[in-house]
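Chemist: Below you will find the structure I want to go over with you.
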Amino acid sequence: GPIPPLRVSPNYASMAEREGVDPESRKFLQEGIRSASWLIAAITQRRSTLLRGGEVVLERQRDWFDQGTGHMKPLPMTEVADRLGVHVATVSRAVSGKWLQTPRGLIELRKFFTGGTETEDGTSVSWEAVRTMLQEEVEAEDKAHPLSDEALAARLKSRGVTIARRTVVKYREQMGLPPARRRRRHGGGAAG
């Protein structure tokens, strides 16, 4: 169910004001109340950033919700930050570790924030789609002669997506895929 609202205990609040409370205790209470109030404000702020960010995601990724994989649109976090009038780090922290219950299952909110690239015909593909292509190319490669990053970039180009070799390296590393020389397998399918 809904999370109960956070508030400063009225007992402590009145105690901090009460006469006859020694200065040391009063100072301790006032500081505690100040940091509690700050925390409550921060949580409220983050919740609002999360909700407003979620609305932008729903609006932008409508096609993905309706049609599924392959329809993810580029949605840079900076763009969302600009629309909400907050710093990009604020958006990043708000969505970090959050998941969204969708008709297509439980999806990590971060997955919806993607940079993107243009395909040859000028349509936008999200980085998520590019990663999927990379994964497919690596899985399909001849393990005796794995594809170099240069070759992977060329394979993607033939599929209509132009990205630089260094970008391939960046993704490959993010995806935890070792470089070609470490993916090589020798002989009868035994791990090398």
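The values are calculated or read from the model by the stated rules, or taken from the named source; none is laboratory data. Treat the numbers as computed from the prediction; the structure is a model and nothing was measured. The area values use the complete protein model at the heavy-atom level, side chains included, leaving out ligands, DNA and RNA. Shrake-Rupley method; radii C 1.70, N 1.55, O 1.52, S 1.80 Å.
Chemist: For segment 9-83, report the translational diffusion coefficient in µm²/s to the nearest whole number, using Stokes-Einstein at 37 °C, 0.692 mPa s, and a Kirkwood Rh over Cα pairs. Please list the in-between numbers first.
Modeler: On the way: Rh = 16.0 Å.
For the chosen part, D equals 205 µm²/s.
Chemist: I need to check one value: relative contact order of the chain, counting alpha carbon pairs closer than 8 Å and at least 6 residues apart, in percent.
Modeler: 13
Chemist: So what are the radius of gyration and Dmax for the Cα set of segment 1-131, in Å?
Modeler: 21.5, 77
Chemist: Which ³J(HN,Hα) values, rounded to whole Hz and listed in residue order, are derived for segment 134-146 from phi using the Karplus coefficients 6.51, -1.76 and 1.60 in 6.51 cos²θ - 1.76 cosθ + 1.60 with θ = phi - 60°, glycine and proline given as x?
Modeler: These are the phi-based 3J(HN,Hα) values: 4, 4, 4, 4, 5, 5, 8, 5, 6, 5, 6, 9, x Hz.
Chemist: Please report, as a whole percent, how much of the solvent-accessible surface of segment 1-105 comes from carbon and sulfur atoms (probe radius 1.4 Å).
Modeler: Whole-percent figure for carbon plus sulfur exposure: 57.
Chemist: Which pairs break 21 Å Cα to Cα here: 98/170; 111/170; 73/157?
Modeler: 98/170
Chemist: Which angle from 0 to 90°, rounded to the nearest 10, does the C-alpha axis of helix 149-158 make with the longest principal axis of the chain?
Modeler: Taking Cα atoms only, the helix is inclined about 80 degrees.
Chemist: Quick one: accessible area per residue over the chain, 1.4 Å probe, rounded to a whole number of Å²?
Modeler: That works out to 64 Å² for each residue.
Chemist: Amide H to amide H under 5 Å from residue 102: which residues, 5+ apart in sequence or cross-chain, H placed 1.01 Å off N in plane?
Modeler: Excluding prolines and chain starts, which carry no amide H, the hits are 107.
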